[in-house]
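Below: one structure, written as C-alpha cells.
What follows draws every value from the coordinates through simple rules; no lab data is involved. A quick note: this is a predicted structure, and the numbers were derived from the prediction, not measured. Please note: Cβ atoms are built from the backbone with ideal geometry, for glycine as well, and neighbour counts cover all protein chains shown.
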Amino acid sequence: MTLTDAARRIDAVERFIWLNARLIDRYRFDCLFRDGDAGRLIAALRPYQNPDGGFGNALEGDFRGPTSQATTADFALRMMDDVGRSDRDIVIPFYDWLTTVTSEDGGVPMVLPTVEGYPRASWWENPTPPGLNPTATLAAYLWRYDIDHPWRDPATAFAWRAFDDIPNRIAAGEWPVQIAYDVRTAVQFLDAVPDRDRAEKTCAEVGKILKDHDVIAFDPTQPGDISLPLDFAPTADSITRSWFTDDVIEANLDVFAAAQDEDGGWQVTWDVWNPSSLAEWRGWFTIERMKILRSYGRI
C-alpha cells in the first residue's frame, strides 16, 4: 500500500468514526492515528468508572447496565493501553475493587451477578465461573506497566493453571468458540508476563492444541463466529505470531483490508442483539482492524 492509499484508508475510517462511533472511540482514533491528546481519552473514560472502583455504564457494548464488571474493565484498560497510560488514580481503585470479586483461587468471573435486572446479550449469562478470560488480560496489564498490586500474583498463578487446563476443556467437548475467545483475550498475558521460558512453552503447547483441534479458522472467508489467525496474533511482535506462516498472515491481511465497507468501517463478525450495540461495536471493531493492519505494515 502506498502512502497515498494508506492516507485515504485512514481518512475513510475517520469519516466513519465521526458519523458512527462513541465519543470515547473518536478520541481513541484521534490518539492512535492523528497524534491526538491522550488526556482527552482518559477524561472521557473516567465517567465509566464507578465509585466502587470498577467499570460499568455500557463501556462494553453487550451489557447495558451501570454495575461494575471485570469484563467491562478489560475494555477500559485496553483503551488506556492504546495510549500508553496507567494513571494510578484510575488503576489502583479498580484493582482494589477487583479483589472483592475474585475467587479464593485467584480467578475472576466473566459475568458477575450484578448484571441481573439490566439488558444484556444472551452470552452475558449469570453466573459464570472464574476463567482465563478476563483474569489473564487483567493480570497482563499489571505486568506490562510493572504495577505491583496484591491481586496480581494470585491471578497470575490462576492464569497459568487455566492455560494448562485447555486440553481438558477440549477433551470434555467444550464449545470451541468459547475456548478460542478465551485464548484470544489471554494472548496479551503471554506477551507481558516476565517468566518468558514458561510463556514460550505454554504458547507452543496451546498453539499446537488449537490447530490440532481446528479451533483456529484458517479460511478468512469462512462464515460465522470464527477466530482467525490475526485474532490470535493481532500484532506483528506478539508471541503467537510464531503459530502462523508468512503466507497465512498475508492472506488474512488481504481479506481484512478488503473487508472495509464503503462507509469506511468494518462490519462486526458476531451476532448482533441490539441496534445501539451494533453501532458502538462497529466503532470499536473498526479501530481494532486498523491497529492490526498498521502493526503488520499495511498502513
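Just to be sure I follow the definition: excluding the sites themselves, where is the longest run in the chain that has none of the GluC sites (Glu not before Pro) in a DSSP loop with at most 10 other Cβ atoms within 10 Å? Provide the component values of the computation, followed by the final result.
Details: sites that count: GLU104, GLU262.
So the longest stretch without any such site is 105-261.
Selection among GLY106, TYR48, ALA136 by position relative to the dipole of the range 1-153 gives TYR48 as farthest towards the positive end (Cβ unit charges, Cα centre). Label-to-label distance, ASP261 versus ARG198, with points set 7 angstrom from Cα along the beta-carbon direction: 4.4 nm.
Spatially, the range 134-181 and the range 235-299 are offset by 24 Å when compared through their Cα centroids. Comparing LEU210, VAL177, GLY36 along the charge dipole axis of the chain, the residue lying farthest to the positive side is GLY36, per the Cβ-charge model. Summing charges over all other residues whose Cβ lies under 10 Å from the Cβ of THR72, with Lys and Arg as +1 and Asp and Glu as -1, gives -3.
What percent do you get for the relative contact order of the chain when only Cα pairs under 8 Å and 6+ apart count?
Values: 392 pairs, mean separation 52.5, N = 299.
After rounding, I find 18 percent.
Count the net charge of all other residues whose Cβ sits under 9 Å from the Cβ of TRP273, scoring Lys and Arg as +1 and Asp and Glu as -1. With Lys, Arg at +1 and Asp, Glu at -1, the neighbours total -1.
Taking the Cα centre of the chain as origin, sum charge times position over the Cβ atoms of Lys and Arg (+1) and Asp and Glu (-1), and report the length of that vector in debye to the nearest 20.
Numbers: 30 positive and 48 negative charges, 122 e Å.
So the dipole magnitude of the chain works out to roughly 580 debye.
Each of TRP281, ALA233, PHE189 was placed along the dipole of the chain (beta-carbon charges, centred on the mean Cα), and the one lying farthest toward the positive end is TRP281.
Every helix of 4 or more DSSP H residues in the chain counts as -39500 (n - 2.57), and over all residues that averages to -17500 deg cm²/dmol at 222 nm. In this Cβ point-charge picture (+1 for Lys and Arg, -1 for Asp and Glu), the range 119-261 has a dipole of about 440 debye about its Cα centre. Taking Cα centre as origin and charging only the Cβ of basic (Lys, Arg, +1) and acidic (Asp, Glu, -1) residues, the dipole magnitude of the range 141-222 rounds to 40 debye. Mean separation of Cα pairs under 8 Å and 6 or more residues apart, divided by the residue count, gives the range 123-244 a relative contact order of 27 percent. DSSP loop (so not H, G, I, E, B), at most 11 other Cβ within 10 Å: list which trypsin sites (Lys or Arg not before Pro) in the range 30-90 pass both filters. In loop regions of the range 30-90 (DSSP not H, G, I, E or B), the sparsely surrounded trypsin sites (Lys or Arg not before Pro) are ARG34.
In percent, what relative contact order does the range 50-93 have, based on Cα pairs under 8 Å that are 6 or more apart in sequence?
Values: 42 pairs, mean separation 15.4, N = 44.
Answer for the range 50-93 is 35 percent.
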